[in-house]
Amino acid sequence: MLADSVFLTSLVSVLSDAAAAHGGEAHAGGHGGHHGVDADAKGLFAGDSILSYFTNSVLVGLIVVGLILWFVRGAMKKVEMVPGRKQNFLELVVEFLYKQVENIVGPKIAPQAFPLLATIFIFVTVANWFGLLPGVGSIFVLRVGPDGHGQAPLLRPATADMNMTIGIALISLVVWFVITIRELGFGGFIHHTFGPKGGLKGALKYGLMPIFIVVGVIEVISIIFRPMTLSLRLYGNVFAGENLLHTMATLVQTGNAAVDFICSVLLRIPFFLLEILVGVLQGMVFALLNAVFIKLSTTHDEEHGEEAHH
Amino acid sequence: MLEILHKLGINTPDIIAQMLVFGIVYLILSKYAFGPVTALLEERRRRIAEGEDNLKKIRDNLAAAEATAEEVKAKANAEADRMIKEARDTAAAAGESERQKVAAEANAIITKAREGSELERARILGELKRDFSRLVLDATARATGKVLTPEDHARLNTEALSQITNN
């Protein structure tokens with residue numbers, strides 16, 4: 001049954017972006033031709049089976065997970081008080097990230113929030129950088145199914161797929177909710193969201209109650225939209241970067257293969273450097289925003305009051 | 001809306017698949033990386049703090065020991081000074097006594113030597129007088145060719161001795 005619906009995908013070609021730039025072939029997806037980068041990730045298996053949801057970005061996601069876990073396993077294989085190079089690097093990253101998280105969410109919440117925020121930063125950064133490697137978006141596979149055939153890039157940056165960014169944002173939302181409820185309790189969360197703020201008392205407190213309830217409703221709406229805003233920001237940046245690199249690769253088309261190749265390489269170098277920076281920045285922004293959300297929702301009203309007095 | 005979702009390739013199975021991918025790395029890193037590393041960093045921080053505390057204690061102890069040593073040294077110096085002064089005084093007193101003793105002994109020896117010398121001189125002088133008298137008597141007897149009487153002996157002795165005494 002699997003064989004009926006899923007057809008073996010075969011690697012048909014390894015094409016560099018430069019070759020694609022002057023080759024002019026219109027691929028079904030990826031960096032081919034002049035169509036730019038497709039907005040969606042492509043399934044590597046044709047047909048209607050569950051494997052058709054195994055997209056090129058899922059594959060890259062798994063590779064990235066594998067790389068991270070491989071490194072971590074190497075670093076944690078023989079944990080010692082006097083660390084080796086890998087363990088030292090991992091400790092450096094963990095210590096740096098923990099301090100940043102602690103500075104934002106505070107020492108009490110940091111142990112709960114740190115694993116999520118550090119994972120977001122590390123995974124998003126590595127996934128973004130992985131997308132810059134040669135071969136990502138330029139190695140194509142042939143998809144053959146009952147509805148015809150076409151080519152799709154074998155690898156697509158995981159964070160250039162909305163499903164991935166939504167997935168990360170949803171997990172962040174769940175963890176955020178768990179940490180908030182653990183810290184405030186459900187009643188405390190409702191009170192924190194809809195209750196009066198700023199230490200108001202007496203008539204003023206009750207007079208302004210309707211406003212705080214409306215503010216609470218707006219807050220809930222913003223919480224609901226949070227996964228969308230987070231995921232769109234990350235997706236937009238990475239996808240735009242992919243398009244930018246593709247555009248730079250295909251900008252010069254003189255008809256002379258050598259000149260086109262050299263131009264496609266040279267023009268992309270500064271943008272590669274930019275994308276390296278964007279890659280780490282986006283990882284930081286995603287983690288930072290989640291840290292701020294956790295901080296805002298777990299801060300007790302008394303603390304707010306005290307801060308307001310200060 | 002659906003068209004946008006479709007264009008972006010958003011669908012529930014893919015979201016679940018990606019959540020699984022991220023969830024796996026989140027759970028594994030939480031359990032096998034961040035937990036042990038943060039515990040290790042905490043342990044190291046604790047050890048460093050302990051080491052610093054120990055260092056501070058050692059420094060304090062060292063400072064206290066140095067202060068005690070200084071105190072003991074000062075005390076020992078004072079005691080040594082006192083003992084040296086005492087020894088000097090004692091030595092000076094003993095030296096003076098010895099000197100006086102030696103001077104007295106020397107004086108006694110000198111006096112004794114003088115007395116000995118006087119006696120010896122007297123003895124030698126007596127012997128000399130006797131020898132001289134005998135020589136004078138012998139010489140006189142030989143020169144005159146007569147037997148000298150005791151009166152002559154007495155007179156010649158007196159003259160000869162007065163000559164010796166005068167000389």
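Tally Lys and Arg at +1 and Asp and Glu at -1 over the other residues with C-beta under 11 Å from the C-beta of A:Asn128: what net charge comes out?
On the way: positive: none; negative: A:Glu242, A:Glu275.
Counting the neighbours of A:Asn128, the net charge comes to -2.
Which of A:Val252, B:Val37, A:Val178 has the fewest other C-beta atoms within 10 Å, and how do the rest follow up to the most?
Working: A:Val252 17, B:Val37 24, A:Val178 12.
Listed from fewest to most nearby Cβ atoms, that is A:Val178, A:Val252, B:Val37.
Which net charge results when you count Lys and Arg as +1 and Asp and Glu as -1 among the other residues whose beta-carbon is under 10 Å from that of A:Arg156?
Working: positive: A:Lys42; negative: A:Asp38, A:Asp40, A:Asp161, A:Glu242.
Once positives and negatives cancel, what remains is -3.
When the Karplus curve 6.51 cos²θ - 1.76 cosθ + 1.60 is applied with θ = phi - 60°, which whole-Hz ³J(HN,Hα) does each residue of segment A:212-228 get, with x for Gly and Pro?
5, 5, 4, 4, x, 4, 4, 4, 5, 4, 5, 5, 5, 7, 4, x, 5
For A:Phe123, A:Phe212, A:Phe177, which order do you get if you count the other beta carbons within 10 Å of each Cβ and list the fewest first?
Details: A:Phe123 26, A:Phe212 18, A:Phe177 13.
Lowest to highest Cβ neighbour count: A:Phe177, A:Phe212, A:Phe123.
So for segment A:199-256, what percent of the C-alpha to C-alpha distances run longer than 14 Å?
On the way: 1219 of 1653 pairs.
Tail of P(r) above 14 Å: 74 percent of Cα pairs.
Per Stokes-Einstein, at 25 °C and 0.890 mPa s, what whole-number D in µm² s⁻¹ belongs to chain B, with the Kirkwood radius over Cα pairs as the hydrodynamic radius? Kindly include the intermediate steps, with their values, before the conclusion.
Values: Rh = 30.1 Å.
It comes out at roughly 82 µm²/s.
Jot down the radius of gyration and Dmax of the protein assembly as shown, Cα atoms only, both in angstrom.
For the protein assembly as shown, the Cα-based Rg and Dmax read 57.2, 196 Å.
If R0 is 60 Å, what FRET efficiency do you get for A:Ile276 and A:Ile50 from their C-beta distance, rounded to 0.05? Spell out each step's value before the answer.
Details: r = 36 Å, r/R0 = 0.59.
After rounding to 0.05, the efficiency reads 0.95.
Could you line up A:Trp70, A:Trp176, A:Trp129 from fewest to most neighbouring Cβ atoms inside 10 Å? Show your work: numbers first, answer last.
Working: A:Trp70 10, A:Trp176 21, A:Trp129 16.
In increasing order of surrounding Cβ atoms, one gets A:Trp70, A:Trp129, A:Trp176.
I'd like the mean, over residues of A:47-55, of how many other protein chain beta carbons sit within 10 Å of each residue's own Cβ.
Details: counts 0, 0, 0, 2, 0, 2, 8, 3, 6.
So the per-residue partner count for this stretch is 2.
Please give me the summed charge of the neighbours of B:Thr38: other residues whose Cβ is under 14 Å from its Cβ, Lys and Arg +1, Asp and Glu -1.
0
Using 0.36 nm times the number of residues separating A:Gln253 and A:Lys77, minus their current alpha carbon distance, what extension gain do you get?
Numbers: separation 176, 0.36 × 176 = 63.36 nm, distance 5.08 nm.
The span from A:Gln253 to A:Lys77 would gain 58.3 nm if fully extended.
Could you work out, residue by residue across A:168-176, how many beta carbons of other chains sit within 10 Å of that residue's beta carbon, and then give the average as an integer? Can you show the working numbers first?
Values: counts 6, 3, 6, 6, 2, 0, 2, 1, 0.
Partner Cβ neighbours, averaged per residue: 3.
Shielding of A:78-88 by partners, i.e. mean partner chain Cβ atoms within 10 Å per residue?
Working: counts 0, 4, 1, 4, 1, 3, 0, 0, 0, 2, 0.
That average works out to 1.
In whole angstrom, how far apart do the alpha carbon centroids of segment B:65-123 and segment A:38-112 sit?
Measuring centre to centre over Cα atoms gives 94 Å.
Values quoted throughout were computed directly from the atomic coordinates according to the rules given, and no laboratory measurement underlies them. Quantities reported herein were computed from a predicted structural model and do not represent experimental measurements. With ideal geometry, Cβ positions are generated from the backbone for all residues, glycine too; neighbour counts draw on all protein chains shown.
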